[in-house]
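The values are calculated or read from the model by the stated rules, or taken from the named source; none is laboratory data. A quick note: this is a predicted structure, and the numbers were derived from the prediction, not measured. Note that we place each Cβ from the backbone using ideal geometry, even for glycine, and neighbour counts take in every protein chain shown. Side chains included, ligands, DNA and RNA excluded: accessible areas come from the protein's heavy atoms. Shrake-Rupley method; radii C 1.70, N 1.55, O 1.52, S 1.80 Å.
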Amino acid sequence: MLTMIAGLEIAETEPNIQTMFSLSYRLTEKSDVYSFGVVLLEIITSRPVIERSDENIHISQWVRIMLDKGDIQNIVDPRMCGDFNVNSAWKAIEIAMACVSSTSTERPSMSEVVMKLKECLKSELAQRAGESDYLVEMVNMNMITELIPLAR
């Protein structure tokens, strides 16, 4: 479903977000957290939000099915070719799934999400530190560059 807010077309969303908006006519931090969780799942899996098939399955539903099977290897973007810390991947997916909880009160705050994602990154970098100090420097440099807005 496409959602229209103030004449702007918002990406396809779970009906829960639409219901939340239609009841309150405003988006909240918790709806932002939900949206961030969806984007995080897209990044982790490299899959679209809605899988166009006979079932039109939402990414969070697909991830839940895969988690129930304990299948982390097939959740993470296949282009990673298994080159990731499994514990970091589990943690990142756990964070994303908490963000897309159907109950807004169960969703973490954005500051909690940021803190937990930093812990994930720290864990991933710690594992890779033994592999190459250069790799750690490159990742840190990229993080700084990506966090600073660029002039257009």
Some residue of region 18-30 being at pLDDT below 90, buried (at least 18 other Cβ atoms within 10 Å of the Cβ), among the aromatic types (Phe, Trp, Tyr) and outside any helix (DSSP H, G or I): no
Meets criteria (within 11 Å of the chain's Cα centre (by Cα) and open to solvent by 60 Å² or more (accessible area, probe 1.4 Å)) for GLU112: no
Failed item, numbered, when LEU125 is tested on (1) more than 28 Å from THR28 (Cβ to Cβ); (2) not in a helix (DSSP H, G or I): (2)
Cβ pairs under 8 Å, 6+ apart, first in region 123-135 and on the phi > 0 side of the Ramachandran plot, second at pLDDT below 80 and open to solvent by less than 50 Å² (accessible area, probe 1.4 Å): none
Scan of region 39-74 for residues that are of a type in the set (Gly, Ala, Ser) and open to solvent by 70 Å² or more (accessible area, probe 1.4 Å), ordered by number: none
Residues that are open to solvent by 60 Å² or more (accessible area, probe 1.4 Å) and either over 14 Å from GLU119 (Cβ atoms) or among the polar types (S, T, N, Q) (or both), drawn from region 85-102: ASN87, SER102
Tabulated pairs, region 87-103, first in a helix (DSSP H, G or I), second open to solvent by less than 60 Å² (accessible area, probe 1.4 Å) and among the charged types (D, E, K, R), C-beta under 7 angstrom, 6+ apart or interchain: SER88/GLU124; ALA98/ARG107; CYS99/ARG107
